[in-house]
1. Which residues, counting only those in region 58-87, are among the acidic types (D, E) and at pLDDT 95 or above?
2. Just to be sure before I move on: is D29 open to solvent by 70 Å² or more (accessible area, probe 1.4 Å), touching a residue at least 12 places away in the same chain (Cβ under 8 Å), more than 18 Å from T70 (Cβ to Cβ) and among the acidic types (D, E) in the structure I sent?
3. Collect the residues in region 100-121 that are surrounded by fewer than 20 Cβ atoms within 10 Å (Cβ to Cβ) and closer than 22 Å to V5 by Cβ, keeping them in residue-number order.
4. Are there any pairs with C-beta distances below 6 angstrom linking a residue in region 38-64 that is hydroxyl-bearing (S, T, Y) to a residue that is assigned to a loop (DSSP other than H, G, I, E, B), with the two at least 6 apart or on different chains, and if so which?
5. Considering each of P71, P126, P64, P40 in turn, give the residue that is within 25 Å of D147 (Cα to Cα) and loosely packed, with under 15 Cβ neighbours inside 10 Å.
6. Can you tell me which of (1) in contact (Cβ under 8 Å) with a residue 60 or more places away in the chain; (2) farther than 23 Å from L163 by Cα is the one E90 doesn't meet?
7. Quick one: in region 129-146, which of the residues that are open to solvent by less than 70 Å² (accessible area, probe 1.4 Å) and assigned to a strand (DSSP E or B) is farthest from W61 (Cα to Cα)?
8. Out of all the residues in region 147-167, which are at pLDDT 95 or above and open to solvent by 60 Å² or more (accessible area, probe 1.4 Å)?
Amino acid sequence: MILVVHAHPYPRRSRGGAALLAGIAGLADLEVRSLYELYPDFDVDAAAEQAALRRADLVVWLGPLYWYTTPALMQLWMEKVLVSDFANSEGNTALAGKACLWAVTTGGGEYAVGGPHDHPFEDFAPVVEMTARYCGMRWLEPFVVHDPAALSDDELAGRARALRERLLEVAPSPVGEGG
């Protein structure tokens, strides 16, 4: 099963996030948990989230690069859900071996030395990567959509198709098109 943990503080204004979610809709064995819809009060139900993680073979953290990391509710989700008696200490290996993909959108121009952010995107990934690795997950190369607001509808749809193909490619168990 593919579990998508979606976190965008303004999902209705996110053209990139909406396109990516539409692009993966209909995949068999797909569960999307939209954190800002589930927990508008930031009261994360850790037990429900842990149960969803237990069902998953592939975990996708989907959202924008927000102040150079994940959005606040994704950070809180990690703090509440990925606790030591579940996934990040010896003997508590609920996520060990599960694949983890960070599907992320960026904004604000080019991510490169000399650009507005003065660093390549890869410089911002280690914190998210180490969170997954600390939980024993297999870190996959992030799927990045740079500046979706600047992409044409066709280009954005192409990136959404590419995410769908990537999920079908990396899902540990056979996942097909839903019916």
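1. The answer is E79, and nothing else.
2. When the stated conditions are applied, D29 passes them.
3. Matches in region 100-121: G107, F121.
4. Close Cβ pairs (under 6 Å, with a partner that is assigned to a loop (DSSP other than H, G, I, E, B)) do not exist here.
5. The conditions single out P126.
6. The number of the failed condition is (1).
7. Looking at the filtered set, the residue picked out is V145.
8. Across region 147-167, the qualifying residues are D153, D154, E155, R159, R161, E165.
The values are calculated or read from the model by the stated rules, or taken from the named source; none is laboratory data. Just so we're clear, the structure is a prediction, and the values are computed from it rather than from any experiment. Here Cβ is always computed from backbone atoms with ideal geometry, including for glycine, and neighbour counts include all displayed protein chains. Note: accessible area is taken over every heavy atom of the protein model, side chains too, but ligands, DNA and RNA are not part of it. Shrake-Rupley method; radii C 1.70, N 1.55, O 1.52, S 1.80 Å.
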